Amino acid sequence: MQSAQVSDKTVPNMARKKIDTLFSIGAGGVVENTLNKLIHYQLAKYRENTDQINRELERFETHYKMTSSRFYKKFEAGELGDSGDFFEWSGLYENMLLFRKRMELKKM
């Protein structure tokens, strides 16, 4: 059996069509409730992840005596070298920024 390739652009269109179909058959309330639960679930997961990342960032901040924000600016400018700790710290900080950005989208 041949599987169809699904692009990132196709998925939202497919989901939109399914949601439109559910609304057209009178299941709008169920759709709204389900989507709200999914959003709250995902936001809770992001908060859980950011809490864990914050604990790990604090370890680096304490050890190197600088904030993650300051570290990241210096690291990106090439001022700190290429220690394994710095790459790990950078990755954690980037993940934190990503989760914050995703949680901000909910507020729109």
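General observations
- Sequence of Leu92, Leu105, Leu97 once ranked by neighbouring C-beta atoms within 10 Å, starting from the fewest: Leu105, Leu97, Leu92
- For the chain, the longest principal axis of the Cα atoms and the long axis of helix 84-106 meet at an angle of about 40 degrees.
- Region 10-106 shape via C-alpha gyration tensor axes, a/c threshold 1.5: prolate
- On the beta carbon distance between Arg55 and Glu104, with R0 = 22 Å, the FRET formula returns roughly 0.55.
- The angle separating the long axis of helix 28-64 from the principal Cα axis of greatest extent in the chain is about 10 degrees.
- Close Lys pairs in the chain (alpha-carbon distance under 16 Å; sequence gap of 8 or more, or different chains): 9.
- Förster radius 25 Å - calculated FRET efficiency between Asn13 and Leu35 (Cβ-Cβ, nearest 0.05): 0.90
- Computed over the chain, relative contact order equals 24 percent, with contacts defined as Cα pairs under 8 Å that lie 6+ residues apart.
- Spacing of the modelled spin labels on Ser24 and Glu76, each 7 Å from Cα toward Cβ, amounts to 4.5 nm.
No lab work stands behind these numbers, since they all come straight from the coordinates. Since we're looking at a predicted model, the values are computed, not measured. Positions of Cβ are backbone-derived with ideal geometry, glycine not excepted, and every protein chain shown enters the neighbour counts.
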